[in-house]
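What follows is a single structure, written as structure tokens, with notes after it.
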Amino acid sequence: MHALDAHELYRFFHIGDDETAALRGVSFHLGAGEIVALTGPSGSGKSTLLSCVTGLDEPDGGHVDVSGVRLTRRSEAERTRIRAGSFGILLQSGNLFGHLTVEQNLRLQMLLAEKEDRERIAPLLESVGLLHRAAAFPSELSGGETARAGLAVALAADPPILVADEPTAEVDRDTESRLIGHFEARREAGLATLLATHSKALAQRADRVIRLKDGRIVRD
Ligand code: ADP
Ligand code: MG
């Protein structure tokens, strides 16, 4: 049984008379302790795939299983419950609540996953270089700080599956190395990590690289 199994996913978007097939039969799996990098040109379907496998979006065809539990074709409430227990998620739209400070966002994430551990907050913020910004609100952060805060939130509860969209897009080299350290620590702990990325450094450290093009997997 895999941490994540995606089977024949299809997703279509309609704008006026135009139809975009963002996903055209995408199947892949993610094993516990595996780091998988999702690559491919802009518009190839990476973000759509991450939304579908986390249950934030519902595919038009196919299904997704999370540790053997069907995630697709369920009520919003059930998907939310499965998501809270299984995933840490950082999408391009961000994952910070604007009315909460960085530290409060981390605590909330731990609470939602029923894994509250205040002792872990400071070391986690320190490791992404944001300890001095713990009391800041998201609107007060720079682009790079927002990305790092978002990643800290996604990592906060040691989720069985981490899904992150371009997690190192706005960070410098040193920070990228530190973040790679986090992903490798997850591998050691037997936790699964799925990253959409343009970073060569990140793809090189992955166990597998899946390349998407026009909504199809062209290499795994
Ligand atoms: P990537 O993340 O690889 O850049 P996306 O998954 O964002 O690719 O997009 C795949 C395709 O689906 C693109 O053609 C994009 O324009 C389209 N698309 C994605 N989301 C939407 C949406 N909400 N409405 C309409 N079209 C969308
Ligand atoms: Mg994208």
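Remarks
- Sites Ala32 and Leu112 - FRET efficiency at Förster radius 25 Å, r taken between beta-carbons, to 0.05: 0.70
- Between 0 and 90°, nearest 10: helix 76-86 axis offset from the chain longest Cα axis: 60 degrees
- Least to most buried among Leu202, Leu49 (fewest other Cβ within 10 Å first): Leu202, Leu49
- Gyration tensor (alpha-carbon) shape descriptor, the chain, a/c threshold 1.5: prolate
- Cα gyration tensor shape for the range 1-83, rounded if a/c is under 1.5, else prolate or oblate: oblate
- The mean sequence separation of alpha-carbon pairs under 8 Å and at least six residues apart, normalised by the residue count of the chain, gives a relative contact order of 31 percent.
- Cα-projected label distance for His2 with Ser142, points at 7 Å along beta-carbon direction, nm: 3.9 nm
- Charging the Cβ of each Asp and Glu at -1 and of each Lys and Arg at +1, and nothing else, the dipole of the range 12-58 about its Cα centre rounds to 240 debye.
- Cβ-Cβ FRET estimate between Arg81 and Arg219, R0 fixed at 41 Å, reported to 0.05: 0.75
- Acute angle (nearest 10 degrees) that the helix 143-155 long axis makes with the longest principal axis of the chain, alpha-carbon atoms: 80 degrees
- For the chain, built as a Gaussian network whose Cα springs stay under 10 Å, the top-fluctuating residue of Gly129, Gly33, Gly55: Gly129
- Cα-based shape type of the range 111-167, given that a ≥ b ≥ c are square roots of the gyration tensor eigenvalues and the cut on a/c is 1.5: oblate
- Straight-distance crosslink candidates among aspartates and glutamates, where the alpha carbon sits under 14 Å from Lys115 and sequence neighbours closer than 8 are dropped: Asp158
- Neighbour-count ranking [beta-carbon atoms within 10 angstrom, fewest first] of Leu100, Leu38: Leu100, Leu38
- Placing a label point 7 Å from the Cα of Arg208 along the Cα-to-Cβ direction, the residues of the range 1-33 whose backbone N falls under 12 Å from that point are 2-7, 27-33.
All of the numbers you see were taken from the coordinates with simple rules; none came from a lab. The structure displayed is predicted, hence computed values, not measured ones. Heads up, the Cβs are rebuilt from the backbone with ideal geometry, glycines too, and the neighbour counts pull from every protein chain shown.
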